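What follows is one structure encoded as structure tokens, with my remarks underneath.
The values are calculated or read from the model by the stated rules, or taken from the named source; none is laboratory data. These numbers were taken from a predicted model, which means no experiment stands behind them. Note that each Cβ is placed from the backbone with ideal geometry, even for glycine, and that neighbours are counted across all protein chains shown.
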Amino acid sequence: MSGPLSGVRVLELGGVGPTPFAAMLLADLGADVLRLDRPPGYDGGAPVDARFDLLNRGRRSAVFDLKKPSAVAAVLALARSADILIEGFRPGVAEKLGVGPDDCLAVNPALVYGRMTGWGQHGPLASAPGHDINYISLTGVLHSVGRAGEPPVIPLNLAGDFGGGSLYLAFGVVSALLESRTSGRGQVVDAAMVDGSASLMTLFYGLLAAGYWHDERGVNRLDSGAPWYNVYETADGGWISVGANESRFWRNLLDVLGLDESELPDQHDRSGWPRMRERLAEVFRTRTRDEWCAVADGREACLSPVLSLTEAPTHPHLRDRGTFVEVSGVVQLAPAPRFSRTPGAIQRPPAQPGEQTDEVLGDWGFSAEAMAELRADGAIA
């Protein structure tokens with residue numbers, strides 16, 4: 001295993017979405033993550049072959065039927081030698097199964113128990129179903145993304161599931177593990193997507209309180225309201241993004257476009273933004289996307305092409321940095337962030353559910369006899 005988390009053992013009670021992504025991040029940074037998949041028949045996740053389910057990369061898989069008491073006992077045995085356990089059940093489900101925080105901390109008081117939910121472990125909505133779009137609806141995120149006079153734009157499931165969920169869970173359990181190395185005591189990390197997505201809005205709630213941010217879509221500096229922080233269509237139907245926030249970059253952009261600053265309203269005059277936006281749109285339509293990139297190259301205008309998923313891996317900068325890699329014939333993102341002395345790595349491609357059951361249980365201390373008994377009972381597959 002390679003990475004700063006090498007030597008850390010993580011149990012992942014298999015689920016979908018943000019919990020697997022958090023586990024992937026830990027595995028990419030060197031943790032030995034054992035994914036306990038559910039038996040066949042569970043309805044969840046993307047309907048693709050396992051080798052394309054990249055959120056499951058980097059760790060080995062065993063299939064456990066937690067409705068079997070012997071499987072629950074085996075999970076608690078695994079928890080004894082784990083540093084971190086993460087689960088993404090609805091509140092109360094892990095307790096009903098017998099693998100809740102009290103059960104696991106009873107066998108390993110130093111365990112960090114990470115919980116991923118949408119609404120959190122308590123509150124009026126705690127037991128309600130939901131998805132990313134629901135969580136970001138309550139926190140102001142969804143309301144804020146989109147153009148003026150148009151419906152909110154759904155930012156994939158990046159802000160709730162992954163930004164507000166996975167990243168906070170991974171950060172939380174690693175922080176708790178760091179503390180436990182001093183105190184010798186574990187604790188529960190309650191990572192709720194509604195909390196995390198709200199946290200991501202910290203800057204904007206501050207600007208709103210200061211009177212700088214308007215509580216409506218598409219009229220602000222960073223939400224497509226400003227002409228110098230926007231996207232523009234080009235002659236070939238492509239798109240260019242512009243992020244010329246600072247005055248010097250704005251002047252550079254105007255120079256690239258062949259526009260005279262004196263003929264336009266002041267950069268920060270909101271009343272002039274619609275006219276400025278129309279003028280920039282008119283100019284951008286005179287050349288293709290790649291022509292504009294060539295014209296702007298090296299001129300510090302904060303201008304970039306809007307690349308598709310298939311185009312992005314071929315961009316010279318991303319290619320030079322190795323942002324994309326190919327593993328087992330599948331193009332995917334390399335581990336991030338980067339470390340100078342203990343670099344992370346994609347430890348292995350995604351496993352088929354249960355692919356390494358015997359191997360991992362043996363590595364985690366189970367005898368051949370114990371595994372045979374679990375299999376005979378239907379606890380593992």
Original post:
Is it true that some residue in region 131-149 is farther than 29 Å from residue 360 by Cβ, polar (S, T, N, Q) and assigned to a loop (DSSP other than H, G, I, E, B)?
Top reply: yes
Original post:
Of these, 27, 62, which one is more than 20 Å from the chain's Cα centre (by Cα) and under 27 Å from residue 330 (Cβ atoms)?
Top reply: 62
Original post:
Do any strands (runs of 3 or more DSSP E) entirely within region 283-381 hold 1 or more residues that are touching a Pro at 6+ places or on another chain (Cβ under 7 Å), and if so, which?
Top reply: 324-327, 330-333
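The rows are residues; the columns are (1) in the same structural domain as residue 168 (by TED's automatic domain parsing); (2) basic (Lys, Arg); (3) farther than 24 Å from residue 199 by Cβ.
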{"site": "48", "(1), (2), (3)": "yes, no, yes"}
{"site": "52", "(1), (2), (3)": "yes, no, yes"}
{"site": "62", "(1), (2), (3)": "yes, no, yes"}
{"site": "78", "(1), (2), (3)": "yes, no, yes"}
{"site": "88", "(1), (2), (3)": "yes, no, no"}
{"site": "92", "(1), (2), (3)": "yes, no, yes"}
{"site": "96", "(1), (2), (3)": "yes, yes, yes"}
{"site": "101", "(1), (2), (3)": "yes, no, no"}
{"site": "116", "(1), (2), (3)": "yes, no, no"}
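Matching residues to (1) farther than 28 Å from residue 372 by Cβ; (2) of a type outside the set (Asp, Glu); (3) in contact with a helix residue (DSSP H, G or I) (Cβ under 9 Å, 6 or more places away or on another chain):
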position: 55; (1), (2), (3): yes, yes, yes
position: 61; (1), (2), (3): no, yes, yes
position: 80; (1), (2), (3): no, yes, yes
position: 92; (1), (2), (3): yes, yes, no
Original post:
So which residues in region 42-98 are assigned to a loop (DSSP other than H, G, I, E, B), within 21 Å of residue 128 (Cα to Cα) and hydrophobic (A, V, I, L, M, F, W, C)?
Top reply: 89
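Matching residues to (1) surrounded by 13 or more Cβ atoms within 10 Å (Cβ to Cβ); (2) on the phi < 0 side of the Ramachandran plot; (3) in the same structural domain as residue 351 (by TED's automatic domain parsing):
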{"residue": "243", "(1), (2), (3)": "yes, yes, no"}
{"residue": "267", "(1), (2), (3)": "yes, yes, no"}
{"residue": "283", "(1), (2), (3)": "yes, yes, no"}
{"residue": "295", "(1), (2), (3)": "yes, yes, no"}
{"residue": "300", "(1), (2), (3)": "yes, no, no"}
{"residue": "311", "(1), (2), (3)": "no, yes, no"}
{"residue": "317", "(1), (2), (3)": "no, yes, no"}
{"residue": "333", "(1), (2), (3)": "yes, yes, yes"}
{"residue": "336", "(1), (2), (3)": "no, yes, yes"}
**OP:** For region 181-205, name all the residues that are surrounded by fewer than 19 Cβ atoms within 10 Å (Cβ to Cβ), farther than 17 Å from residue 120 by Cβ and in contact (Cβ under 8 Å) with a residue 12 or more places away in the chain.
**Re:** 184, 185, 204, 205
